Amino acid sequence: MSKNIMDYETVELDDNDSCVVIIDQTKLPGKTEIIRLYTAQEIWDAIYLLKVRGAPAIGVAAAFGIYVLAKQIGKETKDFETFYVRFQEQKNYLNSSRPTAVNLSWALNRMEEVCLKAGREDKKPLAEILEILHKEAVEIKEEDTWVCKMIGEHGLSLVKPGDGILTHCNAGQLATSKYGTATAPIYLGQERGYNFRVFADETRPLLQGARLTAYELHSSGVDVTLICDNMSAMVMKNGWVNAVFVGCDRVAANGDAANKIGTSVVATVAKRYGVPFYVCAPTSTIDYDTPTGNEIKIEQRPAEEVTEMWYKERMAPEGVKVFNPAFDVTDNELITAIVTEYGIAKAPYRESLEEIRKKKEEGRRSNEN
Ligand code: MRU
């Protein structure tokens, strides 16, 4: 019997073979192809080409990736300072693969911090530094599963059995280690007999909603209906949607949230029809150093994604100008609440996100004691 897509790990480390193992998401849902990434170029390409995608999964892939590359550097030198220069070069290279999802730099910075502490402060030998890097990368992945589960619990408190839920892009298991963020309340609700009716936006131009979200949810037995992006107003006006849950790639300190292009259209429509709009955000996605959404760098992608990709033949005139931003920013005033693993933040967001930061710090301190 063939394996269900939910039985696969989105991102894994094969430490014996020193590589990162991922499902090539560009081939889904037609083909489940597992690929192994050994070199910096392969890891960079996999992230840039969206073979692995979704903010938390990109973070996990980068953490495993820099560990694999650190092992290679460790074969070339035993001197920490020489090792560290090469480590930083590889880190900066991986960090350049996609600009908007803050989890990429967040995970790489975490890896660099433990590397520096072990090597420069604690003067550990390279073999031990590699063990520490390995432990940190595994922790980043394990934490992600816990984080998503907690987002699911908090998100579930905002809806009731039988509700209609709309989601955009894929903030599901394929974007994380397990449960997803926006899909976590849906999966937990499914386990508890909530019988949600889910609407998945197909999400032009890369179709993550159709290829990934509809696939995941359908494979899990969730009642899911696929709609084109321009149908969300109709389903909301019809009263079929009680809540919108979306993921995010970077939340600014004032609560503006960058997510897949089209998210802010859904938020605007939701406001018009009085449907609560929830952004599901692991605290790793909150960027307290970015004051507002205006400062978030938006990734621009090739025109071919709009004019040719997925079509049998080109569907736009040769030479036409194309605008293809991968993300947009939803203004905080359109967001009913931001759901994190440490609780639910509501406007005014500067204050409520600070409260979330304090809760996280307290959680960390009590874990250390
Ligand atoms: O370009 P993608 O497919 O990486 O975009 C993904 C999204 O926008 C997701 O909603 C976001 O990363 C959150 S994933 C939990």
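Magnitude of the Cβ-charge dipole of the chain, K/R +1 and D/E -1, about the Cα centre, nearest 20 debye?
Its charge dipole is roughly 600 debye.
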As a footprinting exposure proxy, order Lys160, Lys149, Lys91, Lys31 by other Cβ within 10 Å, with the fewest listed first.
Lys31, Lys160, Lys149, Lys91
Would you please report the Å³ per residue occupied by the convex hull of the alpha carbon atoms in the chain?
153
Which GluC sites (Glu not before Pro) from the stretch 23-110 combine a DSSP loop assignment with at most 13 other Cβ atoms within 10 Å?
Glu33
When Trp240, Trp106 are ordered from fewest to most other Cβ atoms inside 10 Å of their Cβ, what list results?
Trp240, Trp106
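Quick check on the chain: helices-only [θ] at 222 nm, where DSSP H runs of length 4 and up contribute -39,500 (n - 2.57) each and the sum goes over total residues. Nearest 500, please.
Values: 11 runs with 147 residues, N = 369.
Calculated at 222 nm, the ellipticity per residue is -12500 deg cm²/dmol.
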Gain upon complete extension [Ala303, Thr26; 0.36 nm per residue less C-alpha separation]:
98.0 nm
Just the number, please: percent antiparallel of the DSSP beta bridges in the chain, rounded to the nearest 5.
50
Longer than 21 Å from Cα to Cα, which of Lys297/Lys358; Lys117/Lys178; Lys51/Lys71; Lys135/Lys358; Lys260/Lys297 are they? Say none if no pair is.
Lys297/Lys358; Lys117/Lys178; Lys51/Lys71; Lys135/Lys358
Order of Cys19, Cys280 under a 10 Å beta carbon neighbour criterion, fewest first
Cys19, Cys280
About the Cα centre, charge dipole magnitude for the stretch 1-115 (Lys/Arg +1, Asp/Glu -1 at Cβ), debye
300
Place +1 on the Cβ of every Lys and Arg and -1 on the Cβ of every Asp and Glu in the chain, take the dipole about the Cα centre, and give the residue among Asn4, Pro348, Val235 whose Cα lies farthest towards its positive end.
Val235
Relative contact order, percent, the chain [alpha-carbon distance under 8 Å, six or more residues apart]
15
Mean Cα-pair separation over length for the stretch 154-368, i.e. relative contact order, pairs under 8 Å, 6 or more apart, %:
20
Can you order the peptides 302-310, 182-190 by their average number of other Cβ atoms within 10 Å per residue, highest first?
182-190, 302-310
State the extension gain, in nm to one decimal, for the chain segment bounded by Glu318 and Arg350, taking 0.36 nm per residue of separation less the distance between their alpha-carbons.
6.9 nm
Find the relative contact order for the stretch 8-148 and round it to a whole percent, using C-alpha pairs within less than 8 Å whose residues are 6+ positions apart.
22
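Any read-out appearing in this document is the output of simple, stated calculations on the displayed coordinates, not a laboratory observation. These numbers were taken from a predicted model, which means no experiment stands behind them. Note that each Cβ is placed from the backbone with ideal geometry, even for glycine, and that neighbours are counted across all protein chains shown.
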